[in-house]
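Peer 1: Before I ask anything, here is the structure I am working with.
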Amino acid sequence: MSIDNLIQQAVARAVKELYNIDTAPDAIIPQTTKKEFEGNLTIVVFPWVKAARKSPEQVGTEIGNWLVDNEPAVDRFNVIKGFLNIVIEPTFWNTVLKHIQDTPSYGISTPTEDSPLVMVEYSSPNTNKPLHLGHVRNNLLGYSLACILKACGNRVVKTNIVNDRGIHICKSMLAWKKWGEGATPESTGKKGDHLIGDFYVLFDKHFKEEVKSIMATENMTEDEAKAASPLMQEAREMLVKWEQRDPEIRQMWQMMNEWVYAGFDQTYKRMGVSFDKIYYESDTYLEGKEKVLEGLEKGIMYRKEDGSVWADLTDDGLDHKLLLRSDGTSVYMTQDIGTAKLRYADYPIDKMIYVVGNEQNYHFQVLSLLLDKLGFKWGKDLVHFSYGMVELPEGKMKSREGTVVDADDLMDEMVTTAREVSSELGKLDGLTADDAEAIAETVGLGALKYFLLKVDPRKNMTFNPKETIDFNGNTGPFIQYTYARIRSVLRRAGDEGIQTVDYLGVQPNEKEIALIQAIADFPSTVAEAGRSYSPALIANYVYDLVKQYNQFYHDYSILKEEDAAVRSLRLALCDTTARVIKTGMGLLGINVPERM
RNA sequence: GGUCCGGUAGCUCAGCUGGAUAGAGCAUCUGCCUUCUAAGCAGACGGUCAUGGGUUCGAAUCCCGUCCGGAUCACCA
């Protein structure tokens with residue numbers, strides 16, 4: 001039982017006995033006492049003041065006295081206004097620390113066969129261009145979220161739905177066929193996704209030129225010219241052929257997609273994210289159609305005279321939503337329904353989480369309603385994990401204007417910067433080239449990941465590529481650095497053959513208690529992060545812990561401490577702090593180096 | 001216009017299931033490398049928590065109005 005629970009229960013009993021008021025222990029939230037006051041935990045007594053018909057001070061004092069008399073863990077207390085500050089019996093903290101030390105999987109729950117099955121969809125790229133900064137935020141959030149949910153005891157399936165079909169793919173294919181046939185990743189030395197992306201850009205360039213010349217010669221408006229464009233027409237024809245399974249087109253499509261996947265895999269791997277199951281829209285887009293027709297039969301949807309199929313969502317405060325075009329083809333929504341169908345056939349999903357940008361809030365509101373109407377039991381409370389966009393100082397990223405920050409370039413840049421900063425600070429002296437490079441990689445990526453994960457996912461954020469990312473202050477490298485330093489202390493202790501002894505009888509001082517308290521909060525932070533789907537919560541917790549440790553670190557010379565028991569206590573604190581940092585960072589998908 | 005989300009220090013952000021004097025980092029300034037790693041620590045400066053009302057012992061936090069910013073409301077994905 002945690003110290004919080006202990007106090008909750010004790011206070012609830014006290015209130016019952018003193019005033020005959022029934023209070024749910026969970027409703028009592030002990031908070032960490034502010035530094036200005038003496039105490040470890042604080043209870044706000046205002047809620048009982050009225051019923052007890054006494055002043056806040058009286059109530060606080062009475063509860064405090066009751067606790068001292070009846071709860072051995074409570075040493076003493078003080079009351080200021082309506083705040084009851086409780087001092088815990090100091091050596092009790094040692095028991096807490098010991099418990100943490102003896103719990104290998106501290107803060108993490110292991111899922112069992114009966115645990116809820118949660119599917120997390122994230123990344124979901126198009127196959128016509130490489131991943132960019134927006135995907136990076138998506139990938140990191142999705143992966144971290146999956147780790148957190150798993151640590152909260154859920155069975156988690158990470159999934160990716162690849163948008164591998166549609167007009168955009170045909171554009172790349174057409175450009176490749178027209179102006180680059182024969183070009184392969186091998187022949188050009190480019191990563192597959194970049195190669196295809198380049199052809200997509202090439203198509204757009206030629207298309208624009210064509211439209212311009214049509215507007216000039218045929219005296220048309222821009223829209224008319226776009227509609228009349230032979231290039232676009234060719235792309236459309238290609239799409240039709242693709243849908244008709246034209247062997248030549250399909251073969252080319254398959255080959256080019258393979259290149260892209262090889263490129264994506266490389267990027268994912270470096271980023272440290274992975275998937276348990278990948279779905280492709282080329283497999284799912286027809287499935288949704290069936291499901292919609294099924295819904296039509298059941299009267300959930302209706303058909304207009306032109307043959308198109310719609311859902312009426314006005315009862316739910318939304319509009320009418322198109323699900324099948326008059327020519328019978330699928331729209332985006334239909335595909336998502338199809339994907340849901342396949343997924344449900346593959347897994348007994350209890351909860352579905354979609355990590356998708358906030359520009360699709362409406363889409364998921366609709367999807368949730370539709371899936372529910374169609375009988376998916378997790379449809380109604382599916383979670384759209386909606387995150388804000390990453391903007392550049394100049395504004396939004398525009399692929400047409402070439403202001404997109406490429407994921408691969410970005411990672412390269414971060415690692416390069418980390419390498420430069422490290423060597424400037426002399427951190428890499430005496431290390432092998434391999435070790436130095438591994439550290440640069442860990443630190444560079446750590447900086448990037450932490451930067452993107454520490455902010456509230458809902459908020460739009462600005463990313464300035466020119467200034468890259470800071471390595472000081474509330475950053476990944478700062479946390480990694482603290483971890484590396486702790487590991488260094490522990491290594492030294494091992495080298496010097498320091499024996500650990502029993503520290504249970506030692507009275508920890510204020511700073512030590514504060515640190516133990518902070519570590520003891522970790523499991524509830526993980527649970528809370530899982531409940532509110534917030535990697536940022538973990539990030540901020542770890543940062544606070546690190547700040548706390550740093551204060552401790554500068555006050556004590558741990559290895560030279562003469563009292564063996566005190567030294568053991570401090571080493572135990574170092575050890576548990578390091579473990580929590582490592583676990584916490586792991587939940588964010590960030591590695592920590594043993595030295596840096 | 002409807003719906004949803006955001007607005008906290010000069011900048012980037014915590015805090016939001018109501019609690020004590022609203023916290024970090026960056027930037028600016030001041031100290032600290034002869035104790036396990038100074039990517040650090042200690043301190044100074046910096047706030048009408050967009051705004052007006054309401055709820056109450058108490059509001060950055062909850063409710064309503066207003067202003068500002070963003071997203072969305074396609075036979076696009």
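Peer 1: Given the conditions (1) more than 9 Å from RNA strand B (Cβ to nearest atom); (2) under 17 Å from A:T577 (Cβ atoms), report the number of the one that A:P535 does not fulfil.
Peer 2: (2)
Peer 1: What pairs come up if the first residue lies in region A:15-34 and is open to solvent by 40 Å² or more (accessible area, probe 1.4 Å), the second is of a type in the set (K, R), and their beta carbons are under 7 Å apart, counting only those six or more places apart or on different chains?
Peer 2: A:D22/A:K16
Peer 1: So, one more: Mind checking which residues of region A:445-460 are near RNA strand B (Cβ under 9 Å from one of its atoms) and either open to solvent by 20 Å² or more (accessible area, probe 1.4 Å) or in a helix (DSSP H, G or I) (or both)?
Peer 2: As a first pass, look at region A:445-460 and keep what is near RNA strand B (Cβ under 9 Å from one of its atoms): A:447, A:451, A:454-460.
A:A447, A:F451, A:K454, A:V455, A:D456, A:R458, A:K459, A:N460 - these are the residues of region A:445-460 that are near RNA strand B (Cβ under 9 Å from one of its atoms) and either open to solvent by 20 Å² or more (accessible area, probe 1.4 Å) or in a helix (DSSP H, G or I) (or both).
Residue by residue, here is whether (1) in a loop (DSSP other than H, G, I, E, B); (2) more than 19 Å from A:Y106 (Cβ to Cβ) holds:
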| residue | (1), (2) |
| --- | --- |
| A:P465 | yes, yes |
| A:Y483 | no, no |
| A:I516 | no, no |
| A:E561 | yes, yes |
| A:A565 | no, yes |
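Peer 1: Quick check on my filter: what residues within region A:461-473 are within 6 Å of RNA strand B (Cβ to nearest atom) and touching a residue at least 40 places away in the same chain (Cβ under 8 Å)?
Peer 2: Hits for region A:461-473 are A:M461, A:T462, A:F471.
Peer 1: Can you tell me which condition A:L569 does not meet? The list is (1) farther than 21 Å from A:Y143 by Cβ; (2) in a helix (DSSP H, G or I); (3) modelled with pLDDT of 90 or more; (4) open to solvent by 10 Å² or more (accessible area, probe 1.4 Å), and all the others hold.
Peer 2: Only one criterion is unmet by A:L569, namely (4).
Peer 1: To continue, here is another question. Look through region A:388-432, keep the residues that are small (G, A, S) and farther than 23 Å from A:K208 by Cβ, and return whichever of them is nearest to RNA strand B (Cβ to nearest atom).
Peer 2: Filtering region A:388-432 down to residues small (G, A, S) leaves A:388, A:395, A:399, A:402, A:407, A:418, A:422-423, A:426, A:430.
Among the residues that remain, those that are also farther than 23 Å from A:K208 by Cβ are: A:388, A:407, A:418, A:422-423, A:426, A:430.
Details: A:G388: 7, A:A407: 18, A:A418: 6, A:S422: 4, A:S423: 9, A:G426: 8, A:G430: 11 Å.
Residue satisfying both the conditions and the ranking: A:S422.
Peer 1: Inside region A:320-429, counting only helices (runs of 4 or more DSSP H) that do not spill past its ends, which hold 3 or more residues that are closer than 23 Å to A:G444 by Cβ?
Peer 2: Numbers: elements: A:332-346, A:361-373, A:407-424.
Because the criterion is at least 3 residues that are closer than 23 Å to A:G444 by Cβ, the helices (runs of 4 or more DSSP H) in region A:320-429 that meet it are A:407-424.
Peer 1: If you don't mind, there's one more thing I want to ask. What about A:L324, is it within 11 Å of RNA strand B (Cβ to nearest atom) and either in contact with a helix residue (DSSP H, G or I) (Cβ under 7 Å, 6 or more places away or on another chain) or touching a residue at least 12 places away in the same chain (Cβ under 8 Å) (or both)? Write out each step before concluding.
Peer 2: Working: within 11 Å of RNA strand B (Cβ to nearest atom): yes; either in contact with a helix residue (DSSP H, G or I) (Cβ under 7 Å, 6 or more places away or on another chain) or touching a residue at least 12 places away in the same chain (Cβ under 8 Å) (or both): yes.
Yes, satisfied.
Peer 1: Restricting attention to region A:542-593, report how many residues are among the β-branched types (V, I, T), out of contact with any helix residue (DSSP H, G or I) (no Cβ under 7 Å at 6 or more places or on another chain) and within 23 Å of A:V443 (Cα to Cα). Even if it seems obvious, please write down each step before you answer.
Peer 2: At the first step, the residues of region A:542-593 found to be among the β-branched types (V, I, T) are A:542, A:546, A:558, A:566, A:576-577, A:580-581, A:583, A:590, A:592.
Then keep just the ones that are out of contact with any helix residue (DSSP H, G or I) (no Cβ under 7 Å at 6 or more places or on another chain); that gives A:566, A:583.
Subset that is within 23 Å of A:V443 (Cα to Cα): A:583.
Of the residues in that region, 1 qualify.
Peer 1: Return yes when A:V355 is away from RNA strand B (no atom under 13 Å from the Cβ), closer than 25 Å to A:S534 by Cα and buried (at least 16 other Cβ atoms within 10 Å of the Cβ) and no when it is not.
Peer 2: Numbers: away from RNA strand B (no atom under 13 Å from the Cβ): yes; closer than 25 Å to A:S534 by Cα: yes; buried (at least 16 other Cβ atoms within 10 Å of the Cβ): yes.
In short, yes.
Peer 1: Now for a different question. Filter region A:467-504 for residues that are open to solvent by less than 30 Å² (accessible area, probe 1.4 Å) and touching a helix residue (DSSP H, G or I) at 6+ places or on another chain (Cβ under 8 Å) and give the result. Talk me through it step by step, then tell me what you get.
Peer 2: Of all residues in region A:467-504, those open to solvent by less than 30 Å² (accessible area, probe 1.4 Å) come to A:469, A:475-477, A:479-480, A:482-484, A:486, A:489, A:493, A:503.
Matches in region A:467-504: A:I469, A:T475, A:G476, A:P477, A:I479, A:Q480, A:T482, A:Y483, A:I486, A:V489, A:A493, A:Y503.
Peer 1: Is it the case that region A:74-82 has a residue that's open to solvent by less than 30 Å² (accessible area, probe 1.4 Å) and within 14 Å of RNA strand B (Cβ to nearest atom)?
Peer 2: Here is the first cut: in region A:74-82, the ones open to solvent by less than 30 Å² (accessible area, probe 1.4 Å) are A:74, A:82.
From the residues that got through so far, the ones that are within 14 Å of RNA strand B (Cβ to nearest atom) too are A:82.
Yes.
Peer 1: Would you mind stating whether A:D350 is surrounded by 14 or more Cβ atoms within 10 Å (Cβ to Cβ) and closer than 24 Å to A:N154 by Cα? Give the derivation first.
Peer 2: Working: surrounded by 14 or more Cβ atoms within 10 Å (Cβ to Cβ): yes; closer than 24 Å to A:N154 by Cα: yes.
Yes, satisfied.
Peer 1: Any chance region A:131-146 includes a residue that's part of a loop (DSSP other than H, G, I, E, B) and either crowded, with 23+ Cβ neighbours inside 10 Å or in contact with a Cys (Cβ under 8 Å, 6 or more places away or on another chain) (or both)? Let's see the steps before the verdict.
Peer 2: Here is the first cut: in region A:131-146, the residues part of a loop (DSSP other than H, G, I, E, B) are A:131.
Of the ones still in play, those that are also either crowded, with 23+ Cβ neighbours inside 10 Å or in contact with a Cys (Cβ under 8 Å, 6 or more places away or on another chain) (or both) are A:131.
Within region A:131-146, one or more residues are part of a loop (DSSP other than H, G, I, E, B) and either crowded, with 23+ Cβ neighbours inside 10 Å or in contact with a Cys (Cβ under 8 Å, 6 or more places away or on another chain) (or both).
Peer 1: To continue, here is another question. Among the residues of region A:38-53, is any within 23 Å of A:N509 (Cβ to Cβ), within 14 Å of RNA strand B (Cβ to nearest atom), of a type outside the set (K, R) and open to solvent by 70 Å² or more (accessible area, probe 1.4 Å)?
Peer 2: Filtering region A:38-53 down to residues within 23 Å of A:N509 (Cβ to Cβ) leaves A:38-42.
Next, only the ones that are within 14 Å of RNA strand B (Cβ to nearest atom) stay: A:38-42.
Checking which are of a type outside the set (K, R) leaves us with A:38-42.
So of that shortlist, the ones also open to solvent by 70 Å² or more (accessible area, probe 1.4 Å) come out as A:38.
Yes - at least one qualifying residue is present in region A:38-53.
Peer 1: While we're looking at this one, here's another question. Against the condition open to solvent by less than 40 Å² (accessible area, probe 1.4 Å), closer than 25 Å to A:K34 by Cα, away from RNA strand B (no atom under 14 Å from the Cβ) and of a type in the set (S, T, N, Q), how does A:T576 come out, does it pass? Before the answer, list the steps.
Peer 2: Details: open to solvent by less than 40 Å² (accessible area, probe 1.4 Å): yes; closer than 25 Å to A:K34 by Cα: yes; away from RNA strand B (no atom under 14 Å from the Cβ): yes; of a type in the set (S, T, N, Q): yes.
Against the criterion (open to solvent by less than 40 Å² (accessible area, probe 1.4 Å), closer than 25 Å to A:K34 by Cα, away from RNA strand B (no atom under 14 Å from the Cβ) and of a type in the set (S, T, N, Q)), A:T576 qualifies.
Peer 1: A further question on this structure: Could you check A:D306 against (1) within 7 Å of RNA strand B (Cβ to nearest atom); (2) of a type in the set (D, E); (3) surrounded by 13 or more Cβ atoms within 10 Å (Cβ to Cβ) and say which number it fails?
Peer 2: (3)
Peer 1: Kindly indicate whether any position in region A:506-515 is in contact with a Phe, Trp or Tyr (Cβ under 7 Å, 6 or more places away or on another chain) and either open to solvent by 50 Å² or more (accessible area, probe 1.4 Å) or among the β-branched types (V, I, T) (or both).
Peer 2: yes
Peer 1: Another question about this same structure. Among the residues in region A:521-541, are any closer than 14 Å to A:S568 by Cα, part of a helix (DSSP H, G or I), at pLDDT 90 or above and open to solvent by 40 Å² or more (accessible area, probe 1.4 Å)?
Peer 2: So the first thing to find is which residues in region A:521-541 are closer than 14 Å to A:S568 by Cα, and the list is none.
Scanning region A:521-541 turns up no residue that is closer than 14 Å to A:S568 by Cα, part of a helix (DSSP H, G or I), at pLDDT 90 or above and open to solvent by 40 Å² or more (accessible area, probe 1.4 Å).
Peer 1: For A:D265, are the conditions met, namely being over 30 Å from the mean Cα position of the chain (by Cα) and open to solvent by 20 Å² or more (accessible area, probe 1.4 Å)? Explain how you work it out, then say what you get.
Peer 2: Numbers: over 30 Å from the mean Cα position of the chain (by Cα): no; open to solvent by 20 Å² or more (accessible area, probe 1.4 Å): yes.
Judged against the criteria, A:D265 is not a match.
Peer 1: Next question. Within region A:79-101, identify whether any single residue is under 30 Å from A:V156 (Cα atoms) and in contact (Cβ under 8 Å) with a residue 12 or more places away in the chain, and answer yes or no.
Peer 2: Step one: list which residues in region A:79-101 are under 30 Å from A:V156 (Cα atoms), which gives A:99-101.
Imposing the further condition that a residue be in contact (Cβ under 8 Å) with a residue 12 or more places away in the chain reduces the set to A:100-101.
Taking every residue of region A:79-101 in turn, at least one turns out to be under 30 Å from A:V156 (Cα atoms) and in contact (Cβ under 8 Å) with a residue 12 or more places away in the chain.
The values are calculated or read from the model by the stated rules, or taken from the named source; none is laboratory data. Bear in mind the structure is a predicted one, so any value in this text is a computation, not a measurement. Quick reminder, even Gly has a Cβ in these numbers, built from the backbone with ideal geometry, and neighbours come from all protein chains shown. With ligands, DNA and RNA removed, areas are computed over all heavy atoms of the protein, side chains included. Shrake-Rupley method; radii C 1.70, N 1.55, O 1.52, S 1.80 Å.
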